[in-house]
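Q: Below is the structure I would like to discuss, written out as structure tokens.
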Amino acid sequence: MFNNTVLEVAIGLVFCYASVALIASSVYEAIASWLNLRSKTLFVGVSRLLNATGDQDSSKDLLQKIYNDALVHPSGDGKTTRFDKDKCIPAYIPSKNFALALMHAIQQAPGKFENLRTDINAVKDEQLRNLLLSLERKAAGNLDAFQHEVANWFDASMGRVSGIYKKWSQLWCFIIALVIAIIFNIDSVHLFKTLWLHPSLVAQVNFDKVDPALAAKAYQQLQMLPVGWNQSFEWSALLSPSLWLGWLLTASASLFGAPFWFDTLKTLVRLRGTGLKPDSEKATRDAAVK
């Protein structure tokens, strides 16, 4: 069975990391939404998929046709030419819709899918043309099978785009978490030492009021822990390796994500609930003496 002090310290640290991760992710999501990062990342990914990032006007024309298709960009007017200036471009494209939009875009005669191979041979980009021809041969002329193959190709490519987006989002979440740790002085080393000496401080946190979806409530409860700057702070303390280590530990721990830490917190709180709290143990002993 865990020692009560160890458990209280663990709960305090986990709650701290969960709160910082939640605040950092909320800030990042707000920035990403404001800058339209998901949509722009997807657009760049599709552009690279179609080799439309170079100087080839034919590839850019194909990209424009696909993005002006209502299956891909239902909120568009079908006449957009500068998608980098369009704030309403989609942040997600279903693979089936992309496949159909691509088939529409390469058609020489609209509505005549039986001329698929001829349409593919008319694609000017050699790499894209060869890929589509290989998918057409694999589908053996079956339009549904060809659409399925194009959708699979799109999904595989977008999986890489998603991986790149997640990598950059993690980097920015780490930077944001580090800034939060510095601004509010959320020092893991100091927090651990203080909670080890005064584990009862964790009892001030009302976990029933903590909503994993609301950063404001998490921060409100976070202030119950020994974090923040005190009035006796001296600027020379910023040179302390221990302080920077504590901030870096806090920021690094946030990379596991708020859901992970809140799930861990629930487990620890449940584990604590199976035993007696320090105050309860003292009250039981006093009652036994009387």
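The values are calculated or read from the model by the stated rules, or taken from the named source; none is laboratory data. This one's a predicted model, so the numbers in the text were calculated from it and none came from an experiment. Here Cβ is always computed from backbone atoms with ideal geometry, including for glycine, and neighbour counts include all displayed protein chains.
Q: Condition test on PRO212, is it within 19 Å of SER25 (Cα to Cα), outside any helix (DSSP H, G or I) and at pLDDT below 90?
A: So PRO212 fits the description; yes.
Q: Can you go through LEU128, LEU143, LEU191 and tell me which one is at negative phi and touching a Pro at 6+ places or on another chain (Cβ under 7 Å)?
A: Working: LEU128 fails: touching a Pro at 6+ places or on another chain (Cβ under 7 Å); LEU143 fails: touching a Pro at 6+ places or on another chain (Cβ under 7 Å).
Of the residues listed, the single one that is at negative phi and touching a Pro at 6+ places or on another chain (Cβ under 7 Å) is LEU191.
Q: Turning to a different aspect of this structure: Report every pair of residues separated by at least 6 positions or lying on different chains whose Cβ atoms are under 7 Å apart, first residue within region 13-33 and outside the structural domain of SER254 (by TED's automatic domain parsing), second in a helix (DSSP H, G or I) and not charged (D, E, K, R).
A: Taking only residues 6 or more apart or on different chains, not a single pair turns up.
Q: Which pairs have Cβ atoms under 9 Å, sit 6 or more apart or on different chains, and link a residue in region 145-168 that is without any contact (Cβ under 8 Å) to a residue 60 or more places away in the chain to one that is acidic (Asp, Glu) and surrounded by 14 or more Cβ atoms within 10 Å (Cβ to Cβ)?
A: These pairs meet every condition: PHE146/GLU136; GLU149/GLU136.
Q: Tell me which residues, restricted to region 81-116, are of a type in the set (Gly, Ala, Ser) and at pLDDT below 70. Show your work before the answer.
A: We begin by selecting, within region 81-116, every residue of a type in the set (Gly, Ala, Ser); these are 91, 95, 99, 101, 105, 109, 111.
The answer is ALA109, GLY111.
Q: Might you check whether a residue that is among the β-branched types (Val, Ile, Thr) and over 23 Å from TRP172 (Cα atoms) occurs anywhere in region 243-250?
A: Within region 243-250 (the criterion being among the β-branched types (Val, Ile, Thr) and over 23 Å from TRP172 (Cα atoms)), the answer is no, since none of the residues qualifies.
Q: Which of the residues that make up region 216-241 are outside any loop (DSSP other than H, G, I, E, B) and modelled with pLDDT under 75? It would help to see each step written out before you state the result.
A: Step one: of region 216-241, the residues outside any loop (DSSP other than H, G, I, E, B) are 216-222, 235-239, 241.
The answer is TRP235, SER236, ALA237.
Q: Separate question: Whether any residue in region 66-78 is at pLDDT 75 or above and part of a helix (DSSP H, G or I) is what I want to check. First the steps, then the outcome.
A: Taking region 66-78 first, the residues at pLDDT 75 or above are 66-75.
From the residues that got through so far, the ones that are part of a helix (DSSP H, G or I) too are 66-67.
Yes, region 66-78 contains at least one residue that is at pLDDT 75 or above and part of a helix (DSSP H, G or I).
Q: How do the pairs read when you match residues in region 72-84 that are within 20 Å of LEU100 (Cα to Cα) and in the same structural domain as THR41 (by TED's automatic domain parsing) with residues anywhere that are at pLDDT below 70 and surrounded by 10 or more Cβ atoms within 10 Å (Cβ to Cβ), using Cβ under 7 Å and keeping only pairs 6 or more apart or on different chains?
A: THR80/ASP86
Q: Given the conditions (1) buried (at least 18 other Cβ atoms within 10 Å of the Cβ); (2) farther than 30 Å from LYS217 by Cα, and given that GLY12 satisfies all but one, which numbered condition is not satisfied?
A: (2)
This table checks each residue for (1) part of a helix (DSSP H, G or I); (2) aromatic (Phe, Trp, Tyr); (3) farther than 30 Å from LEU197 by Cα.
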| residue | (1), (2), (3) |
| --- | --- |
| TYR17 | yes, yes, no |
| ILE23 | yes, no, no |
| VAL27 | yes, no, yes |
| ALA30 | yes, no, yes |
| ARG48 | yes, no, yes |
| ASN51 | no, no, yes |
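Q: Do you know which residues across region 26-77 are hydroxyl-bearing (Ser, Thr, Tyr), crowded, with 20+ Cβ neighbours inside 10 Å and closer than 25 Å to LYS166 by Cα?
A: Filtering region 26-77 for residues hydroxyl-bearing (Ser, Thr, Tyr) gives 26, 28, 33, 39, 41, 47, 53, 58-59, 67, 75.
Going one step further and asking which of them are crowded, with 20+ Cβ neighbours inside 10 Å, we end up with 59, 67.
Within region 26-77, just TYR67 meets the criteria.
Q: Select the helices (runs of 4 or more DSSP H) contained entirely in region 86-188, then report the ones holding at least 1 residues which are within 18 Å of ALA32 (Cβ to Cβ). Can you show your working first?
A: Numbers: elements: 95-106, 116-121, 126-139, 143-183.
Helices (runs of 4 or more DSSP H) meeting the threshold: 143-183.
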